[in-house]
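**Q** Got a structure here, written out as structure tokens. Questions coming.
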Amino acid sequence: MEFVKCEAEGAVAVITIDRPKALNALNSAVLDELSATFDAIDQNVIRAIVLTGAGDKSFVAGADIGEMSTLSKEEGEAFGKKGNDVFRKIETFPIPVIAAVNGFALGGGNELAMSCDIRICAENAIFGQPEVGLGITPGFGGTQRLARLVSPGMAKQIIYTARNIKADEAYRIGLVNAVYPQEELLDQAKKMAAGIAKNAPIAVRGCKKAINDGLEANMDDALVIEEKIFGGCFESYDQREGMANFLRKKDDPNKVKVVDFKNA
Ligand code: CAA
């Protein structure tokens, strides 16, 4: 792989988009490599993924403007589909993916972060959808995911004005869950991933599927989705062991754990 690196540390994989000369912008080659990297993840070993960008300036500065500049209508639509297919693969990937946004997350960069389950960022992160300034709409899911993640009104303001927002504003509107000093970001992301990885893996996957599929359904159907996934956990080793373990230790004063999300 030329532009995407993947390193496993125990049950956590760190995927890094590594095209620093172009601030990690997404051209076709990067998108193909990103897709192949997710395909190659060993889901029997890896239980949580951290996705970040190389360097301390940019997560991903968008889709590659040079590559897009001469596209025809048909090619533009195909390029949108290419990005959407990869990002949907990430969004529906069975294992949780945490975006560690280490700088610019513009256009396709913000769209990539939004296709992850959880976003945390560095203090220097900048988010935005600058597309209308380039004469295009967001094309890798931005019009859909931003409206769902923040609110339609906030998404429309960000997209129509093409004004970027800083990390503190991204935190205020719920686009990211936490903001860290740049030098702490990756360790914090790995720590969160390791915390997820130590939980029952089939249950964690079930939660991701239940939340994702439920959000696309009406409440009655969504609750049926949850019931089926909930039921599917029973009789499993993790359910039997997890509950027996709780019952054996029921006098343990530490059994109720309250965590501060910032230091989860
Ligand atoms: N595509 C291609 N190359 C890019 C790029 C992009 N999206 N973003 C940055 N680069 C390249 C620059 O061309 C430059 O390359 P050279 O050194 O060869 O000239 C290099 O990265 C460094 O960039 P700058 O010199 O511009 O760095 P800066 O610190 O002055 O500015 C920036 C940083 C504000 C992020 C600026 O680079 C920028 O505005 N980039 C474009 C951001 C953008 O508009 N993204 C949205 C793209 S459209 C999209 O993503 C559509 C979609 O929804 C799918």
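The values are calculated or read from the model by the stated rules, or taken from the named source; none is laboratory data. Here the structure is a predicted model, which is why all the values come from computation and not from measurement. Please note: Cβ atoms are built from the backbone with ideal geometry, for glycine as well, and neighbour counts cover all protein chains shown. Heavy atoms of the whole protein, side chains included, go into the accessibility calculation; ligands, DNA and RNA do not. Shrake-Rupley method; radii C 1.70, N 1.55, O 1.52, S 1.80 Å.
**Q** Of the beta bridges DSSP finds with both residues in the chain, what % are antiparallel, to the nearest 5?
**A** On the way: 8 of 31 bridges.
Taking every DSSP beta bridge within the chain, about 25 percent pair in antiparallel fashion.
**Q** Once both labels are modelled 7 Å past Cα along the beta-carbon direction, what's the LYS81-GLN239 spacing in nm?
**A** 4.0
**Q** With a 1.4 Å probe and all protein chains left in place, how much accessible area per residue does the chain have, in Å²? Mind showing how you got there, number by number?
**A** On the way: 14320 Å² over 264 residues.
So the chain comes to 54 Å² accessible per residue, rounded to a whole number.
**Q** Taking the chain as a Gaussian network, where each spring joins two C-alpha atoms under 10 Å apart, which residue of ALA194, ALA170, ALA217 fluctuates the most?
**A** Top of the fluctuation ranking is ALA217.
**Q** With a 1.4 Å probe and all protein chains left in place, how much of the accessible area of the chain comes from carbon and sulfur atoms, in whole percent? The partial results should precede the final answer.
**A** Details: 7980 of 14320 Å².
It is 56 percent, rounded to a whole number.
**Q** Contact order normalised by length for the chain, with contacts defined as Cα pairs under 8 Å and 6 or more residues apart; what percent is it?
**A** Working: 439 pairs, mean separation 41.9, N = 264.
Dividing the mean separation by the residue count of the chain yields 16 percent.
**Q** Enter the angle in degrees (range 0 to 90, nearest 10) between the Cα long axis of helix 28-39 and the first principal axis of the Cα atoms of the chain, meaning the one along which they spread out most.
**A** 10
**Q** Let me ask another. Go through 179-190, 74-85 and give me the packing order, highest mean Cβ count within 10 Å leading.
**A** 179-190, 74-85
**Q** Just from the alpha-carbon atoms, what are the Rg and Dmax of region 31-141 in angstroms?
**A** Taking only Cα atoms of region 31-141, I get Rg and Dmax of 14.1, 44 Å.
**Q** Modelling each spin label as a point 7 Å along the Cα-to-Cβ direction, I'd like the LYS73/THR161 distance in nm, to one decimal.
**A** Reported label-point gap for LYS73 and THR161 is 3.3 nm.
**Q** Quote the relative contact order of region 84-185 in percent (integer), defining contacts as alpha-carbon pairs under 8 Å separated by 6+ residues. If you can, show how the numbers build up before the last one.
**A** Working: 185 pairs, mean separation 31.0, N = 102.
About 30 percent, as a whole number.
**Q** Right, another one. Along the principal axes of its C-alpha atoms, what lengths does the chain span, in descending order and rounded to whole Å?
**A** That gives 65, 42, 36 Å along the principal axes, largest extent first.
**Q** Roughly speaking, what is the stretch gain from PHE246 to MET219, that is 0.36 nm per residue apart minus the C-alpha to C-alpha distance, in nm to one decimal?
**A** Working: separation 27, 0.36 × 27 = 9.72 nm, distance 3.13 nm.
Here the segment from PHE246 to MET219 would lengthen by 6.6 nm.
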